Every structure is written in structure tokens, then in C-alpha cells.
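Data first, discussion second: the structure below is written as C-alpha cells.
The values are calculated or read from the model by the stated rules, or taken from the named source; none is laboratory data. All of these numbers come straight from a predicted model, not from anything done at the bench. Please note: Cβ atoms are built from the backbone with ideal geometry, for glycine as well, and neighbour counts cover all protein chains shown.
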Amino acid sequence: MMALDNEHDLHKRRKGRNTAVLALLLGFAMLLFAVTIVKLGENVANPSASVSWGESLMNWMQGE
Amino acid sequence: MTDISATSIPTRKAGDAEFGDYFRLLKPRVMSLVVFTAFAGIVAAGGEHPVVALASLLCIAVGAGASGALNMWFDSDIDAAMSRTQDRPIPAGAVDRGEALSLGLGLSALSVAMLALFANLLAAGLLAFTIFFYAVIYTMWLKRSTPQNIVIGGAAGAFPPMIGWAAVTGEVTTTSVLLFLVIFLWTPPHFWALALFRNADYARVGVPMLPVVAGEAATRKQIFIYTLILLPVAVAPAFTSAGGPIYLVVATWASLRFLSDARQVSNRVSGPDDAFGPEKRLFGTSIIYLFAVFGALIADALLRALIGLFGWPVWI
């Protein structure tokens, strides 16, 4: 009988699968980050979003 | 002490799948067509920030892949009996049915939710409906019950450009409906050409494809009729805001070529040991056709962005 060692095909398959899942998760995180930056950029360009936090608070208290 | 030996370790074909096996569950070849047509929809609609466009496109691709996994989960019994599909991950024993179902459901939910965040609710709703239509209406219901399965089920494959368009504009317009119709009318001749030379497979597993139920002659006639109806519908987008001269020339030429190949198929009667050359050629032409037509749409969008299309008639 052949002993199960680290180089067994089973280990190689699992290692490959885990590496691919890691790459996908990292890619997904980077995509979320990139989209967030782009969406934030849209709001920065929007004048209504450039109201100071103090004005926003006053507006909110006045129910606007 | 437990004696673990290599002989007791499951082999590759016994459930411990490689990453590639899960990827094959997503039907990458179908996904490439979906990605391309959805990309054309995004570009033709006037474009989007590249990052948001890429993110939306990935969601559409993953959603299409998820519906492919659900299709493979449900159809694993007939896939095992057909030569074209018996190497798929489930019949080959590489992936369990339960895993395919979980992957399909998980990726469906993820892709729809992400598209809602990245683009808008309309695009996400259309993607959700597409997945439902392909997995439930087509795979679970129509495929095994009616020879019109791929006519109605073809709608699922026709949605991607409309989803891409909706992701950018937030609406469904005449142009996006026309792009939908191009793929919707293209699907029957595409699949019936395949069904003609794979007839024995479909007959063996009891899938009521048109050649199995209505015979070859009726199928050949239907192929020609659908290709004929497709011609004006495929040319029509040339005269929308998404069209242009490149699209007009390419769509007209490709449609005439498609029609010519369909005519050859419709005039044939297959004999014993037939190699089905014209049918295989029509199947190949149909794939090139779709890439050519939607590629022309992208080319016109680039032309519009670079030099503008002053005076181009927009009638629709």
C-alpha cells in the first residue's frame, strides 16, 4: 500500500481549489473597493453632497 | 492508529472536485456569449464608468453561470445519457448534485444582490427573472414537456443585452427590446441545427426537441422561417440610437449569409450515415453571426464616441 504523503494528488487538488477561492475573494474585495471609490466620486461631484456636516445636521433637525 | 492508504483515498472522479470542475458547472462557453452580448448592451447604451461596467458585467456573467449550475443540477440524469453532455462535472462524478445546487443558488443570490448595488434595481430584477426563467421555466418545465422548449426558453439567453442596457440607463427601451428579439429569434435555428445532428441523443433521453417530435422535414422548414423573420429584426437596430453604418452593413451581410446556410439546410433530406455537414456549418455560422452582429454594435458605439455619427437616421 502507498502511504498518504503531502504530495498526494488529493492534497494538490485541495491546494489548487483553496488558492483559487482565495484569489476570487481578494478579487471580490478589490472590486467592492473600486466600485465604492467610483460611487463616492459621483457624490463628491454632486453639489448637494458637498453640504457641510453642520448644515446637514441643521437640515435634518428642521425635517428637510 | 488509523491506517490511511492511497487506495482508500477517493479518486478525482469521486466527489473531491478541482476548481475547474466548479467552473465548468457555470457553462463557461455559454457565459462567454452572455458576457459579450451584455457588454454590447452596456456599450450601446452609452457606456458607464469602466469600473461599474466591469462590476455589472461580472454580476451578469455570474448570474448566467449560476443558472447553468442549476440547469446541470436538474438535468444530471439526462446529461449522463447524452454523449455531448456525459463529461459534465456531475455525470462525470467530479461534483455532487447537492454542491451544484448550493453553488447555483448561492451565486444567483449574490449576483442579483450585487447588481442591485452596483447598477440599479431594474437590472437586478431582470437578472433575477432571467435566472428564474432559465432554471425553472425552461429547465424544469418546458425542456421535457414541449418541442417549443427552446423557442420560449430562448428568452433566457436573450435577456443579457437588455440587462446591460438597463444597468446603464435604468430603463427598458425599444432598442433594448430589439436586441432581445435578435437573440430570441436567433436561438431556434441555432439549437435546431444542433438538434438535427444530435437527434439520436435527444430521442434516447426523451427530450422532445422538434426533430424528435415533428421530424426532420418540419424542423428544417422552421429553421428557414425563423431565420427569415430574424433578418428584418436584426437589421432594425441599425436605425435606433444604438445603431450605425457598421451595424447596418454587418447585420445585413451576416443575416443574408445565415439565411443562405439555413436555405441549404431546409432543402436537404438526410440519408443513412449522413455527416450532417450543412447542419454543422449552420450551427457554426449561427455562433459567428451573433458575435458579428453584437460586435458591430460595439464598433458603432466606438465610432460614435470617436467621430460622431452626424445625420445618421434614427427612425426607431
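Here is a yes/no grid of residues against (1) surrounded by 24 or more Cβ atoms within 10 Å (Cβ to Cβ); (2) within 13 Å of chain A (Cβ to nearest Cβ); (3) within 25 Å of A:Phe33 (Cα to Cα):
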site	(1), (2), (3)
B:Gly46	no, no, yes
B:Val52	no, yes, yes
B:Ile78	no, no, no
B:Thr85	no, no, no
B:Thr130	yes, no, no
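Taking every residue in region B:27-51 that is at positive phi and pairing it with any residue that is small (Gly, Ala, Ser) and at pLDDT 95 or above, at least 6 positions away or on another chain, the pairs with Cβ-Cβ distances below 6 Å are B:Lys27/B:Gly68. Residues in region B:202-237 that are of a type outside the set (A, V, I, L, M), surrounded by fewer than 20 Cβ atoms within 10 Å (Cβ to Cβ), over 20 Å from the mean Cα position of the chain (by Cα) and within 18 Å of B:Ala81 (Cβ to Cβ): 2 in all.
Which residues, taken from region B:93-114, are surrounded by fewer than 22 Cβ atoms within 10 Å (Cβ to Cβ), of a type outside the set (Lys, Arg) and touching a helix residue (DSSP H, G or I) at 6+ places or on another chain (Cβ under 6 Å)? B:Gly93, B:Leu101, B:Leu103, listed by residue number.
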